Amino acid sequence: MQHPLYQQAKYLKSVPTLNLCPEELKYEVAFAGRSNAGKSSALNVITSQKSLARTSKTPGRTQLINFFTLDEERALVDLPGYGFAKVNVKIKRAWEAGLSEYIEKRPQLKGVVLLMDSRMPPTEIDMTMLEWTKSLELPVHVLLTKSDKLKKGPAKASLLKLRKMLKEEYPHATAQLFSSLKRDGLNEVWLKLDHWFEYERPVKEKMAD
């Protein structure tokens with residue numbers, strides 16, 4: 001199962017600051033999350049590519065804003081993992097200043113895919129990310145990753161608990177279960193991305209799912 005838009009993903013460039021971001025793009029969706037939450041694996045599965053985003057055993061290696069173009073106007077953006085920040089430090093200090101500028105001031109940014117490990121409750125820094133995006137009125141879609149590592153009951157319970165919390169406190173955010181290994185939840189995340197990118201899949205593609 002592939003998607004006609006995301007399988008075209010190609011690496012464009014990596015930049016440290018907002019002013020170096022490509023000017024020609026109109027739609028961007030950023031992927032963010034704690035280091036080792038499964039971000040690179042998710043990007044590779046979503047784009048049907050084996051090593052688009054390099055999966056690294058060393059968390060936090062990507063320290064730049066990485067752009068992967070889908071067509072002339074759209075791109076997926078891989079943001080550095082925020083794993084090594086001390087949890088009591090605000091995310092803006094946890095990340096480079098250039099990164100928070102990208103999140104706050106990039107008009108092309110249509111939404112953030114936030115990755116959390118389904119086996120753990122959201123960390124303090126995940127919560128800070130939800131607070132921050134809420135204050136910016138920036139839509140978020142949470143992928144509860146590694147859901148194949150849980151039995152169906154606990155996985156569903158984890159999702160329902162998160163959805164309840166989001167509905168009450170962070171209505172700008174939605175959530176789903178996702179497994180890169182089993183490719184579970186792939187169509188659901190494609191639909192969310194299509195919506196943010198204002199992309200309509202060809203009819204025959206939809207029927208082939």
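Among the residues of the range 162-171, those that are of a type outside the set (S, T, Y) and either crowded, with 16+ Cβ neighbours inside 10 Å or within 22 Å of K39 (Cα to Cα) (or both) comprise L162, R163, M165, L166. Taken over the range 53-70, the residue count meeting the criterion of being within 14 Å of F31 (Cβ to Cβ) and modelled with pLDDT under 70 is 2.
Candidates in the range 71-106 are the residues that are among the small types (G, A, S) and under 28 Å from D194 (Cβ atoms); of these, the one that is modelled with the lowest pLDDT is G81.
Only residues that are part of a loop (DSSP other than H, G, I, E, B), in contact with a helix residue (DSSP H, G or I) (Cβ under 7 Å, 6 or more places away or on another chain) and touching a residue at least 40 places away in the same chain (Cβ under 8 Å) were counted across the range 143-180, and they come to 3. The residues listed here are Y199, Y102; of these, the one that is under 17 Å from the mean Cα position of the chain (by Cα) and within 27 Å of L25 (Cβ to Cβ) is Y102. Within this structure, D184 passes the test of being in contact with a helix residue (DSSP H, G or I) (Cβ under 8 Å, 6 or more places away or on another chain) and surrounded by fewer than 18 Cβ atoms within 10 Å (Cβ to Cβ).
Checking T174, T145 one by one, the residue that is in contact with a strand residue (DSSP E or B) (Cβ under 6 Å, 6 or more places away or on another chain), under 26 Å from P107 (Cβ atoms), surrounded by 14 or more Cβ atoms within 10 Å (Cβ to Cβ) and modelled with pLDDT of 95 or more is T174 and no other. Within the range 9-58, the set of residues being surrounded by fewer than 16 Cβ atoms within 10 Å (Cβ to Cβ) and either aromatic (F, W, Y) or under 19 Å from W190 (Cβ atoms) (or both) comprises K10, Y11, K50. When the criteria are applied in full, K192 fails the requirement of being more than 25 Å from H3 (Cβ to Cβ) and assigned to a helix (DSSP H, G or I). In the range 111-142, the qualifying residues are those that are in contact with a helix residue (DSSP H, G or I) (Cβ under 8 Å, 6 or more places away or on another chain) and either of a type in the set (G, A, S) or assigned to a loop (DSSP other than H, G, I, E, B) (or both), and the one that is surrounded by the most Cβ atoms within 10 Å (Cβ to Cβ) is S118.
The values are calculated or read from the model by the stated rules, or taken from the named source; none is laboratory data. Given the structure is predicted, the values throughout are model-derived calculations rather than measurements. As a convention, Cβ positions derive from the backbone with ideal geometry for all residues, glycine included, and neighbour counts pool all protein chains shown.
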